[in-house]
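A.B. asks: Let me begin by handing over the structure; questions about it come next.
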Amino acid sequence: MKDDTDTKKTDPAEARKRRKAIITSQRDEVDNEMETETDSSEPKKRKADDAPPHHNKGKKKTQVRYDPSVPMNKDQLAAWRREARRVRNRESAAASRQRIRSKINELEDELDEWKDKYEKAMERLKSLEQTKKSESI
């Protein structure tokens, strides 16, 4: 009967390992797709220092602007910025999901450690109870 409980304990661990491997492979696929989707031309960031001097008088932070490397008309520029914002948001969301996944993995590992500690403590308690019973008899 003890063998049955041991196999039940290892099965969830093995399933968790398989699940982690699947998730990791899926993440790699998504990362590869993201790399192929993005253009090699990165948007140029205009820093606050590049702004004209009269903008810095009010001590307000200027917004970082993304300007294309080629001249565009107003409609094209708006579409380009919209697309750049969409790409940035997608990357930000992917990074956020990655942080959440890593936190979940850390917590799962910590949970496994606590389960092991609990199991060892229970075994120690049982052994102490048995020695106490044998001494009292």
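The values are calculated or read from the model by the stated rules, or taken from the named source; none is laboratory data. Computed from a predicted structure; not experimentally measured. Virtual Cβ from ideal backbone geometry, glycine too; neighbours counted across all protein chains shown.
A.B. asks: Do we have any residue at all in the stretch 87-94 that's modelled with pLDDT under 95, surrounded by 10 or more Cβ atoms within 10 Å (Cβ to Cβ), basic (K, R) and over 20 Å from E14 (Cβ atoms)?
C.D. replies: Checked the stretch 87-94: at least one residue is modelled with pLDDT under 95, surrounded by 10 or more Cβ atoms within 10 Å (Cβ to Cβ), basic (K, R) and over 20 Å from E14 (Cβ atoms).
A.B. asks: Just checking, which of A84, A78, A93 is assigned to a helix (DSSP H, G or I), closer than 28 Å to A21 by Cβ, out of contact with any helix residue (DSSP H, G or I) (no Cβ under 9 Å at 6 or more places or on another chain) and of a type in the set (A, V, I, L, M, F, W, C)?
C.D. replies: Details: A84 fails: closer than 28 Å to A21 by Cβ; A78 fails: closer than 28 Å to A21 by Cβ.
Matching residue, one of A84, A78, A93: A93.
A.B. asks: Another question, if that's okay. Report, by residue number, each residue of the stretch 95-107 that is in contact (Cβ under 8 Å) with a residue 40 or more places away in the chain and within 8 Å of the chain's Cα centre (by Cα).
C.D. replies: The answer is Q98, R101.
A.B. asks: So S69 clears everything in (1) out of contact with any helix residue (DSSP H, G or I) (no Cβ under 7 Å at 6 or more places or on another chain); (2) touching a residue at least 12 places away in the same chain (Cβ under 8 Å); (3) part of a helix (DSSP H, G or I) except one condition, right? Which one?
C.D. replies: (3)
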